[in-house]
Amino acid sequence: MLSLTWFLGLSAILFTIGTIGVLTRKNAIVIFMSVELMLNAVNLTLVSFSSFMGDIHGQILVFFSLCVAAAEAAVGLAIIIAIFRNNHTVDITKIKLLRW
Amino acid sequence: MVTYIFILLATLAIASALATIMSKSTVNSALFLVLNMVALAGVYLLLKAQFLAVVQILVYAGAIMVLFLFVIMLLNVEDEQSVFSKFTFKYAFGVFLGVIVAAQILYAVASYTDILPDISGEMVYVGTVEAIGTTMFTEYLFPFEVTAILLTVAVVGALFIAQRKPNSQN
């Protein structure tokens, strides 16, 4: 039967895919989407622990993390728009004002 | 039956996540991410978290991904030419680090297999809108209000950052 291990394993695999996306892609928007993928994986962990323990507080925490993710998406996309306006690209290998 | 549905949803989630990070077009990435969110909402339903499944689709697949698609179409970025096509050290190192992360997490999960709890009896009553609403508006009322302030600040900040030069006339 379905045990908690399966859900945690799915969450771990999704988190890893998000990590690989952050490490390998060059497009800032895709990197941002990979971060969202990692956030979702952690949310899945919280929900599965909450359901299997019969404790509601994990799901409340997921609700707040959803709110923070929405705020983060709005601000992050605004930053990407500002970067694009100054550099005319979202390729992070070409944005090198603060590094050498 | 539940196991088969879980395997279907998990395969869908992993495949769409892989497609998100591997497709050349940014719009395709965003749409595959929507598919991933919907599959995760299905997994939430399997976990008896109905409220979060609905919120996941409304907030993530609805609001956040529409924002992503708007920004992608606003910026009009061209497709990346080589995503994984040519083998470079950077990609190999990234995948290597990712596999290490996966191995660590899976090892940590697997070593606790026998200690983890079974399905709780109260599980059916936990995820309903009623139960979550009761807890949120009694015990977590202050954090809930702070969330409203956070969202307002985020919207104002996003408008200010994305604005075209606040002080100049053009």
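Can you pull out every residue in region A:1-11 that is within 7 Å of chain B (Cβ to nearest Cβ) and within 13 Å of the chain's Cα centre (by Cα)? If the condition is that a residue be within 7 Å of chain B (Cβ to nearest Cβ) and within 13 Å of the chain's Cα centre (by Cα), then no residue fits.
Looking across region A:44-74, the residues that are hydrophobic (A, V, I, L, M, F, W, C) and either assigned to a loop (DSSP other than H, G, I, E, B) or more than 14 Å from the chain's Cα centre (by Cα) (or both) come down to A:L46, A:V47, A:F49, A:F52, A:M53, A:I56, A:I60, A:L61, A:F63, A:F64. Could you check how many residues of region B:11-28 are in contact with a Phe, Trp or Tyr (Cβ under 9 Å, 6 or more places away or on another chain), within 9 Å of chain A (Cβ to nearest Cβ) and surrounded by fewer than 18 Cβ atoms within 10 Å (Cβ to Cβ)? Residues that pass the stated criteria total 1. Per the conditions (1) closer than 24 Å to A:N86 by Cα; (2) within 10 Å of another protein chain (Cβ to nearest Cβ), the sole criterion not satisfied by B:M73 is (2).
For (1) surrounded by 19 or more Cβ atoms within 10 Å (Cβ to Cβ); (2) within 7 Å of chain B (Cβ to nearest Cβ); (3) at pLDDT 90 or above, each residue gets a yes or a no:
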{"position": "A:F32", "(1), (2), (3)": "yes, no, yes"}
{"position": "A:L37", "(1), (2), (3)": "yes, yes, yes"}
{"position": "A:F52", "(1), (2), (3)": "yes, yes, no"}
{"position": "A:E72", "(1), (2), (3)": "no, no, yes"}
{"position": "A:I83", "(1), (2), (3)": "no, no, no"}
{"position": "A:T89", "(1), (2), (3)": "no, no, no"}
{"position": "A:I92", "(1), (2), (3)": "no, no, no"}
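Of all positions in region B:76-98, none carries a residue that is surrounded by 14 or more Cβ atoms within 10 Å (Cβ to Cβ), more than 7 Å from chain A (Cβ to nearest Cβ) and basic (K, R).
With respect to being modelled with pLDDT of 90 or more and facing another protein chain (nearest Cβ under 7 Å), A:N27 falls outside the description. Of the residues making up region B:32-80, those that are of a type in the set (D, E, K, R) and farther than 27 Å from A:D91 by Cβ number 1.
Between B:L40, B:L31, B:L45, B:L8, the distinction of being facing chain A (nearest Cβ under 9 Å) and either modelled with pLDDT under 90 or on the phi < 0 side of the Ramachandran plot (or both) belongs to B:L40 only.
The values are calculated or read from the model by the stated rules, or taken from the named source; none is laboratory data. These numbers come from a predicted model, not from an experiment. Neighbour counts are summed over all protein chains in view; Cβ atoms, including those assigned to glycine, are modelled from backbone coordinates with ideal geometry.
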